[in-house]
Structure formats: structure tokens, C-alpha cells
1. Give, in nm to one decimal, the length gained when the segment between MET80 and THR97 is fully stretched (0.36 nm per residue of separation minus the Cα-Cα distance).
2. Would you mind getting me the FRET efficiency between GLU25 and LYS67? Use the beta-carbon distance for r and R0 = 22 Å, nearest 0.05.
3. Mind checking which lysines have their Cα closer than 22 Å to the Cα of LYS61? Skip sequence neighbours fewer than 8 apart in that chain.
4. Whose amide H sits under 5 Å from the amide H of GLY45, counting only residues 5 or more places off or on another chain, with H placed in the peptide plane?
5. Suppose the chain between TYR36 and LYS59 were pulled fully straight at 0.36 nm per residue; how much longer would it get relative to their current alpha carbon spacing?
6. Please enumerate, by chain and number, the lysines with C-alpha under 19 Å from the C-alpha of LYS28, excluding those fewer than 8 residues away in the same chain.
7. With a cut-off of at most 14 other beta carbons within 10 Å, and DSSP calling the residue loop, which trypsin sites (Lys or Arg not before Pro) in segment 20-70 qualify? Please list them.
Amino acid sequence: MKVRSTFLILVMLLLAGCTAIKLTEQGKNVRVVGRYDVAACKTIGTTTATVTDKVAGLKRKEHIVKKDLETLARNAAVSMGGDTIVPQGKIEGGKLTFKVYKCLGR
């Protein structure tokens, strides 16, 4: 019984690490750049993305959390009319704010 419980917990942890966040077709056209790459762009606004940074009490890998946050922000930028995002600051508690810009075809 103990082996079965341990196995189920391991399977749950592995599955929980898989992301279900999908980049939309329009979101694929949104660029993630640094703040110096938007000098000639129009500021649209900001969006804050939030994901779970812990699963079953264990921290998720930072690069996976970052990818998920960028995916959410890219999808949000589309609905705001933007085509470029710039992360603001560092990831804290699974949350990151992005500035949204319109750069291409202004």
C-alpha cells in the first residue's frame, strides 16, 4: 500500500509540472524584448501574468515559470492591440508585470 501511495504521489508531481498554458496563433507574433528595444514603439499599457510557482510544496523550475508567464503576457498583449512585451522586474511569487507596446506597423 505504501509503495502504491508513493508511486501515485510521484506521478501527480510529474504531471503537475506539465504546463497547460498554450500560446495562441496571434500570441506567436508578439515579441519578448528588453527595454532598450522599444525606443521607437508606442506604449499600450501593462499586463500582469500569474502562475503557480509551487506544486505540492515544491518550487517549479524558474525557466518554466518564466516561459508560462511570457506565454500569458503574449496572449494578453494581443487583446490589448500590442505586438511586443517587456518584462518589468523579477518574478515574485509566480507573478510578473509586462509593459505592452505596439512596434510593428505603427
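Taken together, the values in this text are just the output of simple stated rules run on the coordinates, not laboratory data. What you see is a predicted model, and the numbers here were worked out from it, not measured in a lab. Cβ coordinates were reconstructed from backbone atoms using ideal geometry, including for glycine residues, and neighbour counts include every protein chain displayed.
1. Gain on extension, MET80 to THR97, equals 4.7 nm.
2. Details: r = 18 Å, r/R0 = 0.81.
After rounding to 0.05, the efficiency reads 0.80.
3. Candidates past the 8-residue exclusion: LYS22, LYS90, LYS95.
4. VAL100
5. Extending this stretch completely gives an extra 5.2 nm.
6. LYS66, LYS67, LYS99, LYS102
7. Values: sites: LYS22, LYS28, ARG31, ARG35, LYS42, LYS54, LYS59, ARG60, LYS61, LYS66, LYS67; in loops: LYS22, ARG60, LYS61.
When the trypsin sites (Lys or Arg not before Pro) of segment 20-70 are filtered for loop state and at most 14 Cβ neighbours within 10 Å, LYS22, LYS61 remain.
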